[in-house]
1. Would you mind telling me which numbered condition in (1) part of a loop (DSSP other than H, G, I, E, B); (2) modelled with pLDDT of 95 or more residue 39 fails?
2. Which one is surrounded by the fewest Cβ atoms within 10 Å (Cβ to Cβ), of the residues in the stretch 8-32 that are in a helix (DSSP H, G or I) and in contact with a strand residue (DSSP E or B) (Cβ under 8 Å, 6 or more places away or on another chain)?
3. Would you pick out the residues in the stretch 35-51 that are surrounded by 14 or more Cβ atoms within 10 Å (Cβ to Cβ) and within 18 Å of residue 1 (Cβ to Cβ)?
4. Which of the residues that make up the stretch 52-68 are surrounded by 13 or more Cβ atoms within 10 Å (Cβ to Cβ) and under 13 Å from residue 28 (Cα atoms)?
5. When residue 5 is evaluated against the numbered criteria (1) part of a loop (DSSP other than H, G, I, E, B); (2) modelled with pLDDT of 90 or more, which criterion, by number, is the only one it fails?
């Protein structure tokens with residue numbers, strides 16, 4: 001995974017996604033306000049504002065999140 005892939009995902013009409021990591025974890029990015037992208041590190045906030053620092057080489061893939069129905 002390249003950092004440019006993540007930046008492109010954020011700039012081309014944002015859709016919620018998951019980052020799949022080398023250890024099997026899946027980190028949800030529900031909104032662009034929940035992620036910061038550096039040169040070699042990505043920081044994702046969870047819904048409780050807990051930051052998760054991820055070194056880019058540990059990101060295996062980006063997956064779409066299922067669309068949630070609005071009430």
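1. Looking at each condition in turn, residue 39 falls short on (2).
2. Among them, the one singled out is 10.
3. Selection gives 35, 37, 42, 44.
4. Scanning the stretch 52-68 gives 52, 54, 59, 62, 65.
5. (1)
The values are calculated or read from the model by the stated rules, or taken from the named source; none is laboratory data. A quick note: this is a predicted structure, and the numbers were derived from the prediction, not measured. With ideal geometry, Cβ positions are generated from the backbone for all residues, glycine too; neighbour counts draw on all protein chains shown.
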